[in-house]
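Heads up, the thing below is written out as structure tokens.
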Amino acid sequence: MKLVTMICCLLTMQAIAQTNGHVFNVLPALPSPGSTITVTYKNKGTVLEGSKHINGVLYSFSKFKWHADDLTLSWKDTAWTGTFKLPEGCAFITCVFQSDSLIDKGGKWPYSWLLSDAARRQLPGAYYAWGTLRSRSFRNNQPFQVDTAAYIEDEVTRMWLRYENRDHPESKPFIFKKALTLYKKTSTDSAVDNNIRKEVQAILGMPNTTEQTWIDAADVYATVLNDKAAADSIQQLILQKYPKGISARDKAILLLTREPDQLKKTKDFDQFIIDFPPAAFAEVETNISNLWYNKLFRTAVYTPIIKDSNYSNLFKYLPVVPTSELATFYHHMVEIPHDQKKMQLSTLLMLSDTLVKQIMGRPADGVYSPLQWKEVLIKQQTLTLFTHAQLLYESKQPQKAFAFASMINPANIYSYKKADFADLYVRLLIANGKKKEVIPYLLKAAHENALTTYALELLKKDYTAKNKTSDGFEAWVESLKSKDTVNASKEDLKKNLVNLPMANFELESAKGGLVNLNKLRGKIVIIDFWATWCGPCKAAMPGMQLAVNKYKADTNVVFYFIATQEFNPEYKSMINKFLAEKKYNFTVLYDGYNADSKHLDIAYARCAKDYHSSGIPMKLIIDQQGRLRWVNNGYKGSPSALADEISYIIETLQKEEKSVSKSHLPPPPAGGEVGGGPYFSTPVFFYNADSSIRFAGTLSQPLQQKATKAVVLVSGTGKQDRDGTMAGHKFFAVIADSLSRQDVAVLRIDDRGTGETTGKYEDATTEDFANDALLAVSYLKNRPDTKNLPVGLLGHSEGGAAIVIAAARSKDVQFIISLSGLATQGLDALLEQNRQLVAMANIPQYDKNRYNNINDRMFHLAYQYANDTSLETKLRGCYASWKEKDNKLVDSLQIKFDHFRFPIESYVRQATGKWYRYHIRFDPAGYISRLHIPILTIYGEKDVLLNAQKNAQNWQNSTTTAHNSHITIKIIPNLNHLLQHCTTCSTTEYAQIPETIAPIVLQEITSWLKNAER
């Protein structure tokens, strides 16, 4: 309340709404709905300063609905100006200005104007629009997302809604749901629920209520008051009052959805469309309609097509099919049949033409200006337009095809970055007499490493003609590629290298005989799981052929293409025909029969299970020792890039030291079976309290005798899968393997939003991760085979902080193991970590001083204002002040080429995020000092991310405070943060070290677990 009072005292409403007057202005200052206004935008000092072309979008709020229009601007004197005729009933406008990819929304104060009547009283809806536009709680209901700095507190939003109610009681039916939601959220009044009930009843008694008013009232009872009975009663009244209304339609949708007979459902849908005409509900959106309405159209249209190839319902319902469903229709009816060659070209083109006309002719699906909608539509429908252009080209209509392909190119989605589009585009250039544009276009595609075999042929032909020889062509093409893109790709590939046991297989070869994987030791083996029915598998094959061709003379590199999950009895002859048509020189293996799945997928199913992978194409690369080093699903779309990926992995393996003693995992049991040792693994799933997040993981348990203890593994910073995959290493897979062989049950979980676990990782803090760990403990405590075991937590890095929070909160945690775990205050840890990284960086000392200086300033400020809404403003102000001084420093040092960059934008995004705000103020001492359980902590002496000595001392101090003598602290020489033996010990070295975790660390853990007693 103090904040609201202060705002009211200092600023009038007009001053708040029009604070950006030096940049944005509207004339006349008091416009009327229906009148023409002049909008002025001075871009000097904004993010658009210096722009040669600026466009605007004007959002108007009329009768409690948002509308968007393009605002054409022209330069006049010192500003950009444009005129606009306000809609009747308009109460509020707000503008956004854009030049190319840069957008100016106004920062803290959006470019907005509140309209008044003749008495200078704000028009109905003005206060409401101004308050909710900047509300974080209602940001998903707005036409665009304002800048973060513009968000206001819920109490301030409530203030504007109260003003709306005060001046315009007739607005209540439109705004009460949001107003009461905030009232419940922010009020400490003990009578809040009774007050809300009275307000809802009063509103339902008003003369201007609609069905939506009653629906909102039911929602208030259900979601705000948690009174389901009252909500259900209102729903019944709604059905009586509005028998052909929104709720009745929802009820009919559910009845149709639950009808098991597809033919009856299709027939009943005809009546549903009559009872509830789509045009009458064009702007209606409910949870039920969002979930099921589109699916009813699919049933009505697809059922007769599947049954009798009858497309009559498509043409019957197409005008009223929801816009959001049209791309799905196109995908099923055109893209898939085209890819699988299952329909005549003329029929495909007819269907494509019909659907594309509908798609491109639809009005905006949402609050978009005409130009915005055109851009959004092209981006949303890029694949549709691409396929349509392909069909037109195949139908010998190159001019029409070029028109559609040209629509895509300016969108900068495909442009030069998608190989199959580049392939089509240059064919269309040639067909349309634009041959001079072909090579320049292909050179740009080569820069993006997006070349097909046809594109390479064209480039080679041009290269040979200009140089009178083809010698050096491959090196020339390599020189065209973006070095940044190539290096980034290599770094990504390096990070994803693994070192895992590979199960043997013996499969029939299409060339005769059997191929046994174990007999290929000493060779690098590339495996591509594919199928004749798999579009992406076949799309990737030109790239695979490039790789096969490159290594055809190398007898130590072999490629096998395993045809899996084939269902057609004639699949072998289909494969031969396909290979002959495409002129692919592949060695195909036939996947064997799987008694469990009853399909031909014995090898694929085993690999998919062992490596937590799914879907084809799936590519694996196996090294000379028979160990899996790389696994990848899908296809990114560029044959040249795929060939480069395969080549890079092969070359990396060829250069590697081949000592088995440095392999990542213990040797596989006899027979080479993964998991075939003294333990077995089971996939597990469990949920959080409100079932909003499903956690998925693997539980490993001893095979021959009962487990003595159970351990939950908790990962460190950054999204990690259950194996703790970091820098190409399976950190937790190694630990789980080691402990499970020592009679310990081990549960490892995919992080939120990773693998098979749902939820959003980015919204979580260390405290949330601690709660996730306790959910895993609870799961073990409720399993019949683990409920009586002592359960502990093992955390790495930030996971070491999460486990102390969890252990301090639950007696079910009976021991903890912290590996490189955070035991210092968050601010101190960040400062120490960054100083270490800066010290190791290969940059001049003056740049190291600059980094330390700005880091110190920003980190301390982020700590001080971590719980303050002004944090972003403070950080930007601090940076601006520092930058001014730094510029003078650069001048004094006479630095000719200054390569120093502090990533201010990314740091502000990170520092104002939920995780960082929590982390920087986190102090583990308060939790550790509450622990009275056995503790093992292990640090690497050469850890550059955490100071081993300082963290170890903090453990000692905090446990002494707790009078806990059951702590073992180990600092092991020559180990890094991942507890690997290291040379430089920098973070960039992790992926280059063959060892995943030092054996001594595993020995210390298993030895301690055997002796640890509470």
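The values are calculated or read from the model by the stated rules, or taken from the named source; none is laboratory data. The shown structure was predicted, so the numbers you read here are calculated from the model rather than taken from an experiment. All Cβ positions, even for glycine, are placed from backbone atoms using ideal geometry, and neighbour counts span all protein chains on display. Keep in mind that these areas ignore ligands, DNA and RNA; they rest on the heavy atoms of the full protein, side chains included. Shrake-Rupley method; radii C 1.70, N 1.55, O 1.52, S 1.80 Å.
Data overview
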| quantity | calculated |
| --- | --- |
| Cα-Cα P(r), the chain, percent of pairs per 20 Å interval | 10, 32, 41, 16, 0 |
| Too-long pairs where the Cα-Cα distance tops 20 Å, listed order kept, from LYS374/LYS436; LYS848/LYS888; LYS538/LYS572; LYS460/LYS636 | LYS374/LYS436; LYS460/LYS636 |
| The chain, accessible surface, carbon-and-sulfur percent (1.4 angstrom probe) | 52 |
| Once exposed loop GluC sites (Glu not before Pro) are cut out (DSSP; at most 14 other Cβ, 10 Å), longest piece of the chain | 286-569 |
| Share of alpha-carbon pairs per 5 Å distance bin for region 419-481, given as whole % | 4, 19, 30, 26, 15, 5, 0 |
| Solvent-accessible area per residue for the chain (1.4 angstrom probe, square angstrom) | 47 |
| Close Lys-Lys pairs in region 200-320, where close means Cα under 26 Å and separation is 8 or more or interchain | 26 |
| Segment ASP365-ILE430, length gained on full extension (0.36 nm per residue, minus Cα span) | 19.8 nm |
| Helix-only mean residue ellipticity at 222 nm for the chain, each DSSP H run of n ≥ 4 adding -39500 (n - 2.57), per residue, nearest 500 | -14000 deg cm²/dmol |
| Under 15 Å, Cβ to Cβ, from GLN742 - net charge with Lys/Arg +1 and Asp/Glu -1 | +1 |
| Cα extents of region 1-150 along the three principal axes, largest first (Å) | 45, 32, 29 |
| Kirkwood Rh and Cα Rg combined as Rg over Rh, evaluated for region 883-976 | 1.19 |
| Gain in span if fully extended, LYS609 to LEU383, counting 0.36 nm per residue against the direct Cα distance | 78.2 nm |
| FRET efficiency estimate (nearest 0.05) - Cβ-Cβ, ALA229 to ASN194, R0 22 angstrom | 0.85 |
| Percent of Cα pairs exceeding the 18 Å cut-off, where the set is region 498-657 | 56 |
| Inter-label distance for GLU651 and HIS932, nm, one decimal - labels placed 7 Å from Cα along Cα-to-Cβ | 6.2 |
| Given charges at beta-carbon only (K, R positive; D, E negative), |dipole| of the chain in Debye | 720 |
| Kirkwood hydrodynamic radius of region 322-413, from inverse mean 1/r over distinct Cα pairs, in Å | 13.5 |
| Between region 616-639 and region 188-247, the alpha-carbon center distance in angstrom | 57 |
| Summed residue charge, Cβ within 12 Å of ASN226's Cβ, Lys/Arg positive, Asp/Glu negative | -1 |
| Entries of LYS481/LYS760; LYS417/LYS495; LYS435/LYS582; LYS481/LYS730; LYS609/LYS760 with Cα pairs more than 28 Å apart | LYS481/LYS760; LYS481/LYS730 |
| The chain - percent relative contact order, Cα under 8 Å, separation 6 or more | 6 |
| Too-long pairs where the Cα-Cα distance tops 26 Å, listed order kept, from LYS466/LYS490; LYS108/LYS379; LYS494/LYS942; LYS85/LYS172 | LYS466/LYS490; LYS108/LYS379; LYS85/LYS172 |
| Residue (of LEU86, ASN887, ALA770) at the positive-pole extreme of the chain, dipole from beta-carbon charges | LEU86 |
| LYS400-LYS108 FRET efficiency (beta carbon distance; Förster radius 56 Å; 0.05 resolution) | 0.70 |
| Gained length - LEU30 relative to GLN910, 0.36 nm times residue gap less alpha-carbon distance | 312.7 nm |
| Neighbour net charge for LEU600 - beta-carbon separation under 15 angstrom, K R +1, D E -1 | -4 |
| Estimated distance in nm for a label pair at HIS447 and ALA962, the labels positioned 7 Å out from Cα along Cα-to-Cβ | 5.8 |
